[in-house]
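The values are calculated or read from the model by the stated rules, or taken from the named source; none is laboratory data. From a predicted model like this one, the values you see are computed outputs, not experimental measurements. Backbone-built Cβ (ideal geometry, glycine too); neighbour counts: all protein chains shown. In case anyone asks, the SASA skips ligands and DNA or RNA and just uses the protein heavy atoms, side chains included. Shrake-Rupley method; radii C 1.70, N 1.55, O 1.52, S 1.80 Å.
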Amino acid sequence: MKHLYLFTTLFFTFISCQLFAQSDSTVSFVAYWHKGETQKYKVIKKKLTHRNGKETQNEVSSYLTSFTVLDSTATSYLVEYKYENTLFNSSPELTQQMVSLGDKYRYLTVKYKTDEFGAFQGIENWKEVGTMMNDIFALVIKNTENSKKLDLEKALKPIKEMYASKEGIERLVFKELQSFHSPYGGAFSLADTIRYEDLLPNLVGGDPIKANASLYFNPIDYETGTCTFINELNPDPEDIRKMITDMTSKIMSATNFGSAAEKKQKMAEMRKAFADMKMDIKDYSTYTYDLESTWPTLVTTKRTTVMELPGDSGNVTEETIIERVY
């Protein structure tokens, strides 16, 4: 029932008796939202890269988003997610082109449905979003110098492909939505660390990536009326290695070489490098939810990737912070 909303079990369990670490009590995440209500959030993205011990990249960007409940029924919610288009923020030249396109393309509006518990079901207007982004790509390419157009078209091709399907838009483009809604509809143990195997989408298609994961709760914060849980995840190194090898093979297959012999040599070099490659990926996410409103107050996701190749090493830390704005 929708009216038995988020953390009802949790809240009264803690008030009546201190059984946080001593029982098999569970908490169920159920959204209790109202038609017409809007919640605003600030999204901060950070990326820090080191190669062979030296910092090579340190980027921080932020933008505002809003969630508006357009409709609420006994079985679903319809939500509008609006945010500033930051696709080209990493390229100052392309950012200027985006500004020149005007407010029409400044914001992206996504309409999506959840079930009665608030669990994400799917984007409703994905074709509209895809069309808008294709218009943006076409205009940016049109306004680019002729000498750079071909390279830009090649660079944008994989991004355009992501916007060409409903799955690509949902899983690869709007990852924040997946993080935002991931707890809803779930029931979790308060006392134990939950360990499980997860499946992650494969960026190049094919079999999903296996991952070992764990989930556990922090004690409830009565002063702020919030509860936080942590989700740690480690993708299988061999599955990641295979995905990267497949991705690189596709790129090299589409690359023009001087001769068949040169292509064969490059492919052999690539296979040898990946055979000796070591990679470790760790995800650490926190989810803090308001007991009364059932909206998240803070969601953070952090991925650390360490890669070692013969004569080369590097690590990348990517972090996203979604913080409610009051």
Exercise. For the stretch 123-262, with every protein chain kept in place, what is the accessible area per residue (1.4 Å probe, Å²)?
Worked result: 56
Exercise. Applying the Karplus parametrisation 6.51 cos²θ - 1.76 cosθ + 1.60 with θ = phi - 60° to the phi angles of the stretch 52-57, what ³J(HN,Hα) value in whole Hz is obtained for each residue in order, glycine and proline being reported as x?
Worked result: 6, x, 10, 5, 10, 7
Problem set entry | For ASP290, distant residues with modelled amide H under 5 Å away | TRP295, THR297
Problem set entry | Proximal aspartates and glutamates relative to LYS46, as straight alpha-carbon distance under 15 Å, when same-chain residues fewer than 8 apart are discounted | GLU55, GLU59, GLU176, ASP283, GLU318, GLU319, GLU323
Exercise. Mind ordering 112-124, 62-74, 187-199 by average Cβ neighbours within 10 Å, highest first?
Worked result: 112-124, 62-74, 187-199
Problem set entry | Heavy-atom accessible surface of the stretch 191-326: percent carbon and sulfur, 1.4 Å | 52
Problem set entry | Cα gyration tensor category, rounded, prolate or oblate, for the stretch 230-326 with a/c compared to 1.5 | prolate
For this session: Report, by chain and number, residues whose modeled amide H sits under 5 Å from the one on LYS111, excluding near sequence neighbours (fewer than 5 apart, same chain).
Result: TYR81, GLU124, ASN125
Problem set entry | Efficiency of FRET from Cβ geometry, LYS142 and GLU197, R₀ 51 Å, rounded to 0.05 | 0.65
For this session: Give me the distance between the Cα centres of the stretch 33-66 and the stretch 186-240, rounded to whole Å.
Result: 20
For this session: Could you pull out every one of the lysines with an alpha carbon less than 18 Å from that of LYS272, ignoring same-chain neighbours closer than 8 positions?
Result: LYS242, LYS250, LYS263, LYS264
